[in-house]
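J.: Please see the structure below; I have some questions.
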Amino acid sequence: MFSGSSSQAAAYLTDIAIKKKYIAKRKAPPGEMLKHWVKNNDAPQWACRSAFDYLIAHHWTPTNESQRAIAARYLLLNKHPISKQWVELTGQWLDIAYQAQQENKQ
């Protein structure tokens, strides 16, 4: 959904992460790093959280079960307001995410 270059995307995600305090202030990784993370499925948590925030800000909604599960997890992790629409969109996955969050606190 991002229309800029990989370098611009990396800078944008880093800015979000710093503003949301997912990471301390730092320089953005090189744009090629984003491609590496996607290719190897090993993006750091701060980048995933920032990407989710970007998607939410651009009115993305999940369209399959995998996306619903991920959305439920990041809605809670990133402390987004849980609207009635999100409850409906995430369904059982939101309940599972709440349960996992409670288990992690113990």
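The values are calculated or read from the model by the stated rules, or taken from the named source; none is laboratory data. Everything quoted here is computed from the prediction, not taken from an experiment. Here the Cβ is made from the backbone with ideal geometry for all residues, glycine too, and neighbour counts use every protein chain on show. For the accessible areas, the whole protein counts, side chains as well, though only heavy atoms, and no ligand, DNA or RNA atoms are used. Shrake-Rupley method; radii C 1.70, N 1.55, O 1.52, S 1.80 Å.
J.: Shape call for the stretch 1-57 from the C-alpha gyration tensor, a ≥ b ≥ c root eigenvalues: rounded (a/c under 1.5), prolate (a/b greater than b/c) or oblate? Could the numbers behind the result be given before it?
T.: Numbers: a/c = 1.33, a/b = 1.24, b/c = 1.07.
Rounded is the answer for the stretch 1-57, as its axis ratio a/c remains below 1.5.
J.: Looking at the stretch 15-106, which chymotrypsin sites (Phe, Trp or Tyr not before Pro) are DSSP coil and have at most 11 other C-beta atoms within 10 Å of their C-beta?
T.: On the way: sites: TYR22, TRP37, TRP46, PHE52, TYR54, TRP60, TYR74, TRP86, TRP93, TYR98; in loops: TYR22, TRP60.
Passing both the DSSP loop test and the Cβ count: no residue.
J.: How large is the dipole of the chain about the Cα centre if only Lys and Arg carry +1 and Asp and Glu carry -1, each at its Cβ, rounded to the nearest 20 debye?
T.: On the way: 14 positive and 8 negative charges, 96 e Å.
Charge dipole of the chain: 460 debye, to the nearest 20.
J.: Here's something else I'd like to know. Ignoring ligands and nucleic acids, what accessible area does LEU75 show with a 1.4 Å probe (Å², nearest 10)?
T.: Result for LEU75: roughly 0 Å² accessible.
J.: Also, I was wondering about something else. In square angstrom, what is the accessible area per residue of the chain with a 1.4 angstrom probe?
T.: Details: 7200 Å² over 106 residues.
Each residue of the chain exposes 68 Å² on average to a 1.4 Å probe.
J.: First check a/c for the stretch 55-106, with a ≥ b ≥ c the square roots of the eigenvalues of its C-alpha gyration tensor; if it is under 1.5, answer rounded, and if not, answer prolate when a/b is larger than b/c or oblate otherwise. Let's see the in-between values first.
T.: On the way: a/c = 1.95, a/b = 1.54, b/c = 1.26.
Taking the square roots of the gyration eigenvalues as a ≥ b ≥ c, the stretch 55-106 is prolate.
J.: Using the alpha-carbon centroid of each, what span in Å lies between the stretch 1-30 and the stretch 45-94?
T.: When both Cα centres are located, 19 Å separates them.
J.: Take SER7 and LYS20, extend 7 Å from each Cα along the Cα→Cβ direction, and tell me the distance between the two endpoints in nm.
T.: 2.5 nm
J.: Using only alpha carbon pairs under 8 Å that are at least six residues apart, calculate the relative contact order of the stretch 18-106 and give it in whole percent. Provide the component values of the computation, followed by the final result.
T.: On the way: 38 pairs, mean separation 19.2, N = 89.
That works out to 22 percent.
J.: Also, quick follow-up: Report the longest stretch of the chain that contains none of the trypsin sites (Lys or Arg not before Pro) sitting in a DSSP loop with at most 10 other Cβ atoms within 10 Å. Don't skip to the end; give the middle numbers.
T.: Values: sites that count: LYS21, LYS25, ARG26, LYS27, LYS79.
No qualifying site falls inside 28-78, the longest such stretch.
J.: Would you kindly find the accessible area of SER83, with a 1.4 Å probe and non-protein molecules such as ligands, DNA and RNA excluded, rounding to the nearest 10 Å²?
T.: 50 Å²
J.: Let me ask something else about it. Using a 1.4 Å probe on the protein chains only, how many percent of the accessible area of the chain belongs to carbon and sulfur?
T.: Working: 3840 of 7200 Å².
Answer for the chain is 53 percent, counting heavy atoms of protein chains only.
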